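Here's the structure, in structure tokens; my notes come after.
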Amino acid sequence: MGTPQVDGFRFLPPSLRAWIRRSIPAEPFPGPIPWTPLKRPLRKTTFCLVTSAGISLKTDLPFDMDREKKEPTWGDPTHREIPRWATEDDIQVHHLHIKTDYIRQDLNVMLPLGRFREFEQEGIIGRLAPTCYSYYGFQLDPRTLLQQTMPKMAAKMHQEGVEAVLLTPA
Amino acid sequence: MTLTMTPEFHREVGIPRVAAIAYPYGRPVGQVGDREGQRAVLLETLAFLERAKTPGEVHHLPFQWPEEPSKTDWQPPEISPVVKFFLEEIKRAGREARTPKDS
């Protein structure tokens with residue numbers, strides 16, 4: 001017997017589950033899916049980590065929760081750089097759709113910088129890039145995120161020689 | 001590649017490589033302080049990255065969250081603005097899902 005399929009809605013209350021399911025198509029994605037082959041073995045590959053959890057450095061501007069409270073269909077479309085050395089002591093988390101306490105207690109549950117630093121030291125991956133990123137995942141209208149924010153992140157990844165990205169949505 | 005609790009969104013946007021995990025929102029890599037558990041999830045995810053050959057491939061990771069969904073505390077302390085905004089619509093969706101459809 002194989003691994004059971006993940007039910008992405010099992011942790012949601014039943015009504016919310018029913019409501020969100022309505023907006024997800026039943027059929028597979030119809031269009032072409034982008035594909036960048038992995039060029040080198042993991043032990044030589046430069047990684048970057050990205051999360052949608054609304055994490056920022058304590059020294060940086062937090063994600064804007066006040067505007068979302070006033071405009072419930074708006075989500076902050078900007079991003080924050082998180083240096084590879086960051087730990088729980090360095091970060092703050094602002095997100096109105098999840099309990100954020102766990103991330104403040106152990107950043108690795110969401111943005112596993114510590115685990116990837118270990119993997120780098122152990123030679124499992126080539127390198128963790130100097131800069132990782134967080135944006136804010138609640139985007140009912142993702143145009144600004146896609147057209148302005150993501151290109152900035154991608155340009156810096158390119159500068160830093162990133163070859164593979166692990167995205168952890170919140 | 002994406003390590004996600006909600007692989008269903010793949011049908012909406014078309015994600016190149018999906019590692020799906022049955023963990024709660026906000027903790028896709030594992031539990032607080034569980035270094036070995038987090039490493040196991042990430043190593044399995046990296047192994048999938050290395051062997052995936054087809055755009056849109058989904059790999060369901062073989063990990064189970066130790067708590068039942070109803071006992072898992074992942075929700076924000078306050079109901080989120082969008083849920084509050086659409087609350088009547090959400091309740092109606094729940095009622096309709098519970099009502100047996102005419103055959």
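Residue pairs whose Cβ atoms lie under 9 Å apart, separated by 6 or more positions or on different chains, with the first residue in the stretch A:150-167 and part of a loop (DSSP other than H, G, I, E, B) and at pLDDT 95 or above and the second among the polar types (S, T, N, Q) and open to solvent by less than 40 Å² (accessible area, probe 1.4 Å), are A:Glu160/A:Thr46; A:Glu160/A:Thr131; A:Gly161/A:Thr46; A:Val162/A:Thr46; A:Val162/A:Thr131; A:Glu163/A:Thr45; A:Glu163/A:Thr46.
Counting only residues that are touching a residue at least 24 places away in the same chain (Cβ under 8 Å) and either more than 9 Å from chain B (Cβ to nearest Cβ) or in a strand (DSSP E or B) (or both), the stretch A:75-114 holds 19 of them.
Does the stretch A:50-72 contain any residue that is buried (at least 17 other Cβ atoms within 10 Å of the Cβ), free of Cβ contacts under 8 Å to residues at least 12 places away in the same chain and either at the interface with chain B (Cβ under 7 Å from one of its Cβ atoms) or not aliphatic (A, V, I, L, M) (or both)? There is at least one residue in the stretch A:50-72 that is buried (at least 17 other Cβ atoms within 10 Å of the Cβ), free of Cβ contacts under 8 Å to residues at least 12 places away in the same chain and either at the interface with chain B (Cβ under 7 Å from one of its Cβ atoms) or not aliphatic (A, V, I, L, M) (or both).
The set of residues from the stretch A:115-137 being in contact with a strand residue (DSSP E or B) (Cβ under 9 Å, 6 or more places away or on another chain), open to solvent by 10 Å² or more (accessible area, probe 1.4 Å) and part of a helix (DSSP H, G or I) comprises A:Arg117, A:Glu120.
Give me a count of the residues in the stretch A:33-55 that are over 9 Å from the mean Cα position of the chain (by Cα), of a type in the set (A, V, I, L, M) and either more than 19 Å from B:Glu57 (Cβ to Cβ) or assigned to a strand (DSSP E or B) (or both). Adding up the residues that qualify gives 1. Considered as a group, the residues in the stretch B:1-34 that are among the basic types (Lys, Arg) and open to solvent by less than 30 Å² (accessible area, probe 1.4 Å) include one that is nearest to the other protein chains (Cβ to nearest Cβ), and that residue is B:Arg27.
Can you find, within the stretch A:138-149, the residue that is farthest from A:Gly75 (Cα to Cα) among those that are part of a helix (DSSP H, G or I) and within 13 Å of chain B (Cβ to nearest Cβ)? Steps first, answer last, please.
As a first pass, look at the stretch A:138-149 and keep what is part of a helix (DSSP H, G or I): A:143-149.
Those still in the list that are within 13 Å of chain B (Cβ to nearest Cβ) too: A:145-146.
Numbers: A:Leu145: 10, A:Leu146: 13 Å.
Checking each candidate, the answer is A:Leu146.
Would you confirm whether any residue within the stretch A:143-166 is acidic (Asp, Glu) and closer than 23 Å to A:Lys69 by Cα?
If we filter the stretch A:143-166 for residues that are acidic (Asp, Glu), which is where we start, we get A:160, A:163.
Checking which are closer than 23 Å to A:Lys69 by Cα leaves us with none.
Looking through the stretch A:143-166, none of the residues is acidic (Asp, Glu) and closer than 23 Å to A:Lys69 by Cα.
Quick one: is A:Leu107 more than 28 Å from A:Pro72 (Cα to Cα), in contact with a Leu (Cβ under 8 Å, 6 or more places away or on another chain), of a type outside the set (Asp, Glu) and buried (at least 17 other Cβ atoms within 10 Å of the Cβ)?
Details: more than 28 Å from A:Pro72 (Cα to Cα): no; in contact with a Leu (Cβ under 8 Å, 6 or more places away or on another chain): yes; of a type outside the set (Asp, Glu): yes; buried (at least 17 other Cβ atoms within 10 Å of the Cβ): yes.
Criteria not met by A:Leu107.
Only one of (1) open to solvent by 80 Å² or more (accessible area, probe 1.4 Å); (2) more than 21 Å from the chain's Cα centre (by Cα); (3) over 24 Å from A:Pro32 (Cα atoms); (4) within 7 Å of another protein chain (Cβ to nearest Cβ) fails for B:Arg98. Which number is that? B:Arg98 satisfies all of (1) open to solvent by 80 Å² or more (accessible area, probe 1.4 Å); (2) more than 21 Å from the chain's Cα centre (by Cα); (3) over 24 Å from A:Pro32 (Cα atoms); (4) within 7 Å of another protein chain (Cβ to nearest Cβ) except (4). Only one of the numbered conditions (1) closer than 30 Å to B:Arg92 by Cα; (2) modelled with pLDDT of 95 or more is violated by A:Pro14, and that is (2). For B:Phe63, the test of being of a type outside the set (Lys, Arg), within 29 Å of A:Phe29 (Cα to Cα) and open to solvent by 30 Å² or more (accessible area, probe 1.4 Å) is passed.
For the stretch A:56-71, indicate whether the set of residues that are within 16 Å of B:Val82 (Cβ to Cβ), at pLDDT 95 or above, polar (S, T, N, Q) and assigned to a loop (DSSP other than H, G, I, E, B) is non-empty. Walk me through it before giving the result.
First pass over the stretch A:56-71, keeping only residues within 16 Å of B:Val82 (Cβ to Cβ): A:63-71.
From what's left, at pLDDT 95 or above: A:63-71.
If we keep only those that are polar (S, T, N, Q) too, we end up with none.
Within the stretch A:56-71 (the criterion being within 16 Å of B:Val82 (Cβ to Cβ), at pLDDT 95 or above, polar (S, T, N, Q) and assigned to a loop (DSSP other than H, G, I, E, B)), the answer is no, since none of the residues qualifies.
Is at least one residue of the stretch B:49-69 at negative phi, at the interface with chain A (Cβ under 7 Å from one of its Cβ atoms), assigned to a helix (DSSP H, G or I) and more than 14 Å from the chain's Cα centre (by Cα)? The answer is yes, given that some residue of the stretch B:49-69 is at negative phi, at the interface with chain A (Cβ under 7 Å from one of its Cβ atoms), assigned to a helix (DSSP H, G or I) and more than 14 Å from the chain's Cα centre (by Cα).
Regarding B:Gly37, is this residue crowded, with 22+ Cβ neighbours inside 10 Å and closer than 27 Å to A:Gly126 by Cβ? No: the conditions fail for B:Gly37.
Looking at the stretch A:102-160, which of its residues are of a type in the set (D, E, K, R) and closer than 23 Å to B:Val82 by Cα? Within the stretch A:102-160, A:Asp141, A:Arg143 qualify.
The values are calculated or read from the model by the stated rules, or taken from the named source; none is laboratory data. For clarity, every value in this text was computed on a predicted model and none was experimentally measured. Counting neighbours? That spans all protein chains shown, and the Cβs are built from the backbone with ideal geometry, glycine included. Side chains are part of the model used for accessible areas, which takes the heavy atoms of the whole protein and leaves out ligands, DNA and RNA. Shrake-Rupley method; radii C 1.70, N 1.55, O 1.52, S 1.80 Å.
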